[in-house]
Amino acid sequence: MSRLRALILAGGFGTRLRPLSCTLPKIMFPVAGRPMIELVLSNLYSNGVDEAVLAIGYMADVIRRHLGRRFEGMRLHYSLEETPMGTGGAVKKAERFLRDGDFFVLNSDIIASPPLQEILSSHVVKDAAATIMLHRVKDPTHFGVAKIDRSLRIERFVEKPRRGDAPSRWINAGVYVLDPEVFDYLPPGRKASIEREVFPKLASSRRLYGYRYNGEWFDIGRFEEYKRANRAALSRLSRNEPSVGSDVRVHADARLVPPLRLGPRSRVGAGATLGPYSSVGESVVVGEGSKVSGSILFSRVHVGKNSHIRNAVVGEGAVVGENVRIWDGCVIGDKVYIHDGVRLVHDVTVCPHKEVTRSITCPGVVT
Ligand code: GDD
Ligand code: MG
């Protein structure tokens, strides 16, 4: 079998995941306790891909330091962009790694189980220049949208159509097979969008095909979806037992309610309850009598006594005092300090390093 290669587009700023993406690149966000890029790479490897190129720019060092040169049995290369080249520019820049034959391209913020070999077979049978994995959604307006004919040929491709202009509900699911001829459609050395500049042209030359994917699919680019992806990943863990990392200390009177992921070196005090549907990073401390449910706590979060975190996301190293309430839709930035007794009732976002001294009962942003 010939070598299979994949390019992972991982240079986005993660704008819609601010403020947490100000200090951690989107692909390093934990999903059920693992940086999401590891889920993407693992899926590639189990589908027979043996070399992957990561197209990176924003926070490239953090990514490279974490992943290095190998992942499972796969070789990793990096295509570094000094300035963001856009999805098309990133593909063109990585040409030297990829020009030997058909290759995969993946948006790095997608959690799904794409059947890559099947998509590739369909691509070869149709003699396509590009094959896009498609997924059906209710509202296609945030996505690239494809109109397909009976043979799965994409007749039209429209990126982010206005409401009412979407030609179908089949969207670009962020996974492609490309023939190296696609490089000829991309200008060298400038920013370009493959979705806006290349796919419509390939559609008019009748060389663009779709592959319909009906499995679970998440674009974690927005908090709601990120939380949904975590929930789905957690529900695949055991419902009978929590998943607990090494060197964890849980008081005999604490309750761990699955599905739950509790990272290594964490500490849970007496009378505390963690879970269900929570993902807690490494070296997290949850004090006596505190409760964490339906939430994602990044690493090194410290929660004092008798606090309650529900349906929220708390960034790395944040300190939550005693008797604090952080509820539905709140997002707490890295290293934020929340004073004792503060209540953040719903949809409050706190920027990194801020101190919150007073309760906030309506949606807003603390900057
Ligand atoms: N290397 C590199 N350089 N990567 C980039 C750049 C860049 O300049 N800009 C964006 N990316 C990466 C992002 O990190 C992400 O993995 C992917 O390209 C797509 O960018 P997003 O910013 O997440 O785009 P989107 O979610 O609005 O839309 C895209 O994904 C949808 C599916 O979730 C499009 O491909 C849509 O057509 C698609 O439906
Ligand atoms: Mg996205």
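The values are calculated or read from the model by the stated rules, or taken from the named source; none is laboratory data. Remember, it's a predicted structure, so these values are computed and weren't measured experimentally. With ideal geometry, Cβ positions are generated from the backbone for all residues, glycine too; neighbour counts draw on all protein chains shown. When the accessible area is computed, the model is the full protein with side chains, heavy atoms only, and any ligands, DNA or RNA have been set aside. Shrake-Rupley method; radii C 1.70, N 1.55, O 1.52, S 1.80 Å.
Step by step: first the residues of the stretch 1-19, then only those that are within 15 Å of ligand 2 (Cβ to nearest atom) and not in a loop (DSSP other than H, G, I, E, B), then the one that is nearest to the chain's Cα centre (by Cα). Which residue is that?
17
Is there a residue being in contact with a helix residue (DSSP H, G or I) (Cβ under 6 Å, 6 or more places away or on another chain), at pLDDT below 95 and away from ligand 2 (no atom under 16 Å from the Cβ) anywhere in the stretch 51-69?
Taking every residue of the stretch 51-69 in turn, none turns out to be in contact with a helix residue (DSSP H, G or I) (Cβ under 6 Å, 6 or more places away or on another chain), at pLDDT below 95 and away from ligand 2 (no atom under 16 Å from the Cβ).
What is the number of the single condition among (1) crowded, with 16+ Cβ neighbours inside 10 Å; (2) within 12 Å of ligand 1 (Cβ to nearest atom); (3) under 27 Å from residue 60 (Cβ atoms) that residue 160 does not meet?
Checking residue 160 against (1) crowded, with 16+ Cβ neighbours inside 10 Å; (2) within 12 Å of ligand 1 (Cβ to nearest atom); (3) under 27 Å from residue 60 (Cβ atoms), the one that fails is (1).
Inside the stretch 322-343, can you point out the residues that are open to solvent by 10 Å² or more (accessible area, probe 1.4 Å) and part of a loop (DSSP other than H, G, I, E, B)?
Within the stretch 322-343, 322, 323, 327, 328, 329, 334, 335, 339, 340, 341 qualify.
Could you please let me know if residue 176 is in contact with a strand residue (DSSP E or B) (Cβ under 6 Å, 6 or more places away or on another chain) and either within 20 Å of residue 85 (Cα to Cα) or open to solvent by less than 10 Å² (accessible area, probe 1.4 Å) (or both)? Spell out the reasoning first.
On the way: in contact with a strand residue (DSSP E or B) (Cβ under 6 Å, 6 or more places away or on another chain): yes; either within 20 Å of residue 85 (Cα to Cα) or open to solvent by less than 10 Å² (accessible area, probe 1.4 Å) (or both): yes.
Criteria met by residue 176.
Could you tell me how many of the residues in the stretch 204-228 are within 15 Å of ligand 2 (Cβ to nearest atom) and either within 22 Å of residue 115 (Cβ to Cβ) or surrounded by fewer than 18 Cβ atoms within 10 Å (Cβ to Cβ) (or both)?
Number of matching residues: 8.
Suppose we keep only residues that are open to solvent by 20 Å² or more (accessible area, probe 1.4 Å) and in contact (Cβ under 8 Å) with a residue 60 or more places away in the chain within the stretch 300-317. Which one would you say is nearest to residue 254 (Cα to Cα)?
Looking at residues that are open to solvent by 20 Å² or more (accessible area, probe 1.4 Å) and in contact (Cβ under 8 Å) with a residue 60 or more places away in the chain, I get 311.
Of all residues in the stretch 93-106, how many are more than 9 Å from ligand 1 (Cβ to nearest atom) and open to solvent by 30 Å² or more (accessible area, probe 1.4 Å)?
Number of matching residues: 6.
Residues that are surrounded by fewer than 18 Cβ atoms within 10 Å (Cβ to Cβ), in contact (Cβ under 8 Å) with a residue 60 or more places away in the chain and in contact with an Asp or Glu (Cβ under 8 Å, 6 or more places away or on another chain): does the stretch 344-363 have at least one?
No, the stretch 344-363 has no match at all.
Residue by residue through the stretch 271-288, note down the ones that are open to solvent by less than 30 Å² (accessible area, probe 1.4 Å) and free of Cβ contacts under 8 Å to residues at least 60 places away in the same chain.
Matches in the stretch 271-288: 272, 273, 274, 275, 278, 284, 286, 287.
Restricting attention to the stretch 29-71, which residues are assigned to a strand (DSSP E or B) and more than 24 Å from residue 19 (Cα to Cα)?
51, 52, 53, 70, 71, listed by residue number.
Go through (1) of a type in the set (D, E, K, R); (2) in contact with a Gly (Cβ under 6 Å, 6 or more places away or on another chain); (3) touching a residue at least 60 places away in the same chain (Cβ under 8 Å); (4) surrounded by fewer than 20 Cβ atoms within 10 Å (Cβ to Cβ) and name the single condition residue 236 misses.
Result: residue 236 passes all but (2).
Out of all the residues in the stretch 36-92, which are open to solvent by 30 Å² or more (accessible area, probe 1.4 Å), within 11 Å of ligand 1 (Cβ to nearest atom) and aromatic (Phe, Trp, Tyr)?
58, the sole residue that qualifies.
Can you tell me which residue in the stretch 10-32 is farthest from residue 367 (Cα to Cα), limited to those that are at pLDDT below 90 and open to solvent by 30 Å² or more (accessible area, probe 1.4 Å)?
Across the stretch 10-32, the extreme among qualifying residues is 12.
Could you tell me whether residue 109 is charged (D, E, K, R) and open to solvent by less than 30 Å² (accessible area, probe 1.4 Å)?
On the way: charged (D, E, K, R): yes; open to solvent by less than 30 Å² (accessible area, probe 1.4 Å): yes.
Answer is yes for this residue.
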